[in-house]
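Okay, structure first, notes after.
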Amino acid sequence: MKEIVLYTQPDCPPCEITKMFLNEKGYIYTIKDIKKDAAAHKELTRQYNSFSTPTIVIGDTVIRGFDLERLQSALDDGIK
């Protein structure tokens, strides 16, 4: 399984739903809070060209914004 990184911030309902989704499915992931971690914010904007949360990185796949269908598809691909 490829590493899963979730870029999040406080008071982000879609971020919380994404966390619940990943937890229910039993995935292990790394949380990077862009409000508490300046380096994470820099990664999000510069490396992944994203300005929204949640942003999920699975290997080379970057999912910007809330999209559970795309997330599930990327997770399914990561299992192979």
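On a 0 to 90 degree scale, rounded to 10, what angle separates helix 68-79 from the longest Cα axis of the chain?
That helix lies at roughly 60 degrees to the long axis.
Might you tell me the accessible area per residue for the chain, computed with a 1.4 Å probe and given in Å²?
62 Å²
Any idea of residue 66's accessible area? Nearest 10 Å², probe 1.4 Å.
Probe radius 1.4 Å; accessible area of residue 66 about 100 Å².
Over the chain, what is the mean sequence separation of C-alpha contacts under 8 Å (at least six apart), divided by residue count, expressed as relative contact order in percent? Don't jump to the answer; show the numbers that get you there.
Numbers: 110 pairs, mean separation 29.4, N = 80.
Relative contact order for the chain comes out at 37 percent.
Considering the convex hull of the alpha carbon atoms of the chain, report its projected area averaged over all viewing directions, in nm², one decimal.
4.7 nm²
For the Cα atoms of the chain, what angle does the longest principal axis make with the long axis of helix 13-25, in degrees from 0 to 90, nearest 10?
Rounded to the nearest ten degrees, it is 30.
Roll a 1.4 angstrom probe over the protein heavy atoms and tell me the percent of accessible area of the stretch 11-80 that is carbon or sulfur.
49 percent
So which aspartates and glutamates pass the test for residue 25, namely a Cα distance under 16 Å, with those fewer than 8 places away in the same chain ruled out?
Of all the aspartates and glutamates, those that pass the test against residue 25 - Cα under 16 Å, at least 8 places apart if same chain - are 3, 16, 67, 69, 76, 77.
The values are calculated or read from the model by the stated rules, or taken from the named source; none is laboratory data. Fair warning: this is a prediction, and the values are worked out from it, not measured in the lab. Heads up: the accessible areas ignore ligands, DNA and RNA and are worked out on the full protein's heavy atoms, side chains in. Shrake-Rupley method; radii C 1.70, N 1.55, O 1.52, S 1.80 Å.
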